[in-house]
Each structure stands twice: as C-alpha cells, then as structure tokens.
Amino acid sequence: MKSGQGAPIPRAAKVIETVIAEAPRAETTALILGDAVLADGLGWDHVIPLLATGLTRRALGATGAELRDACHRAILRSAPDTLGLAADLARRAARLRAVTPKLRAKPAAAAVALFLTRDAIAPLALSTPPDGVGLSDRAARRFCDRLVDLGVVRELTGRDSFRLYGV
C-alpha cells in the first residue's frame with residue numbers, strides 16, 4: 001500500500017512506519033508527517049497533533065497492523081483533549097474579534113489579525129516590518145497591555161521585559 005492510498009489512519013501509520021524504518025531517530029518527524037497525512041486524508045485545512053500527542057514511544061516501535069491499531073487508539077485517546085483545546089481557542093479568538101471595534105488604535109484590525117494568525121506576538125512585531133502595522137514601540141506595548149486588561153490576550157512569558165502575548 002502506498003502512503004497516498006487507503007483510509008487516512010492506515011496511511012498515516014504507513015508514513016510513520018516508513019520514516020522510522022529509514023531514520024530510527026526521526027520520531028518527531030515521523031509523527032508530524034503522520035499527522036499531516038491524517039489531516040490530508042480527512043480533508044482538513046490544518047494539521048492537528050492527534051498522533052503526536054497520543055502515540056507512545058513503545059507504539060512507535062511497532063509495525064504493520066500493530067502500529068495501525070496503536071494509531072487508532074492514539075486518536076481516540078488524544079481527540080477529547082484536542083477538541084477541548086480547540087474549543088477554548090475558538091472562544092478566545094471570538095472574544096478578541098468582538099473587542100476589535102472598541103480599540104482606538106488606527107491599525108487595531110491589522111494588529112488583531114496578527115494575533116489570530118500567530119502563536120505568540122512580541123510588541124515589537126507590531127511596529128517593525130515586514131508584518132508591522134505601524135504602531136510605535138510604546139504604542140505597541142500599550143496596545144498589548146490593553147488587550148490583556150480586556151482579558152482577550154494573555155502575557156505568556158511572565159517577565160517584565162521581552163514579553164510575548166498570545167490568544
């Protein structure tokens with residue numbers, strides 16, 4: 001069976017098995033590719049780490065039907081947590097979109113779009129090219145602090161300087 005034929009989970013298992021057979025220490029790569037094949041087979045737009053979070057190290061040493069069964073179990077084990085995280089992220093993103101009209105900065109919509117497309121943002125990213133939206137350094141820091149005060153963005157680092165913010 002080629003990796004491009006068959007049901008999504010057996011395809012993903014075959015890719016994982018092939019990568020590990022070729023490069024035994026490339027477990028991370030195998031899991032990423034397995035999740036990518038799974039997402040492609042299911043017609044999803046984004047890769048969701050179901051296999052990466054659910055497969056055990058022991059299961060990665062399996063082959064054939066044993067690995068396919070382990071992949072099925074991994075998806076069943078990791079799907080509830082992943083769905084919960086996705087629902088939480090969707091709620092947070094909706095709240096961020098809802099407060100956008102209340103923000104007074106002129107490039108607020110563009111800045112919010114950056115928050116919605118990245119895992120983490122440093123205030124400097126809002127002011128410098130290529131993605132900067134035209135805020136000064138001070139205005140970018142104040143904008144991020146305002147989003148935190150509104151409860152739609154979190155400060156991720158816990159530091160006083162060089163902070164990162166995310167939904």
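The values are calculated or read from the model by the stated rules, or taken from the named source; none is laboratory data. Only a predicted model underlies this, so the values are computations on that prediction, with no experimental measurement involved. Positions of Cβ are generated from backbone atoms using ideal geometry, with glycine treated the same way; all protein chains shown enter the neighbour counts.
Taking the numbered list (1) touching a helix residue (DSSP H, G or I) at 6+ places or on another chain (Cβ under 6 Å); (2) modelled with pLDDT under 90 in turn, VAL15 passes all entries but (2). Within the stretch 137-167, take every residue that is free of Cβ contacts under 8 Å to residues at least 12 places away in the same chain, under 20 Å from ASP119 (Cβ atoms) and not polar (S, T, N, Q) and give me the one that is surrounded by the fewest Cβ atoms within 10 Å (Cβ to Cβ). The selected residue is GLY158.
Looking across the stretch 136-167, the residues that are farther than 19 Å from ARG97 by Cβ and part of a loop (DSSP other than H, G, I, E, B) come down to SER136, LEU156, THR157, GLY158, ARG159, ASP160, SER161, PHE162, ARG163, LEU164.
Can you find a residue in the stretch 62-70 that is touching a residue at least 60 places away in the same chain (Cβ under 8 Å), loosely packed, with under 14 Cβ neighbours inside 10 Å and assigned to a helix (DSSP H, G or I)?
Applying the first criterion (touching a residue at least 60 places away in the same chain (Cβ under 8 Å)) to the stretch 62-70 yields none.
No: zero hits.
If you go through the stretch 93-136 and keep only what is over 17 Å from ARG163 (Cα atoms), surrounded by 13 or more Cβ atoms within 10 Å (Cβ to Cβ) and among the polar types (S, T, N, Q), you end up with just THR100.
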